[in-house]
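The values are calculated or read from the model by the stated rules, or taken from the named source; none is laboratory data. Values in this document were obtained by computation on a predicted structure and should not be read as measured data. To get the accessible areas, we keep the full protein, side chains included, count just its heavy atoms, and leave off ligands, DNA and RNA. Shrake-Rupley method; radii C 1.70, N 1.55, O 1.52, S 1.80 Å.
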Amino acid sequence: MANNDWKHRLGMVYSTNPDFEFTPDAPEEEETLPAQQQRLRVSMERAGRGGKTVTLVRGFVGTEDDLAALGKKLKQRCGVGGSAKDGEIIIQGDHRQRVVELLKADGYTQTK
């Protein structure tokens, strides 16, 4: 056992069974849907961000790696920063129209 295994056992109650082995429940990632089946929604938001405007892309169904790759592509093409986590892509600034055009050009036909 490594030193940091306790982090994976948070919430685990002590067991008196000498043969007990803890196996963490790894959440299964959803398989990434094809671009044509993704229902992405692009919006702008200011609330809770210190007055800064951001463009949000929500509704992505797939793995975190694919989400990060799409986020990186959008950020590069818009020439701004941002992040991709928790199933949404955050792009700094108001780039709604540009993001919709880029997504449709990449095959995300159900984008609004």
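A few notes on this one:
- Heavy-atom accessible area for D66, with the other protein chains in place and a 1.4 Å probe, reaches approximately 70 Å².
- Rounded percent of accessible protein surface that carbon and sulfur make up, region 20-74, 1.4 Å probe: 48 percent
- Hydrodynamic analysis of region 43-107 uses the Kirkwood radius over alpha carbon pairs. Inserted into Stokes-Einstein at 37 °C and 0.692 mPa s, it gives a translational diffusion coefficient of 278 µm²/s.
- In Hz, Karplus ³J(HN,Hα) per residue of region 87-94 (6.51, -1.76, 1.60; θ = phi - 60°; x = Gly, Pro): x, 9, 10, 10, 10, 5, x, 8
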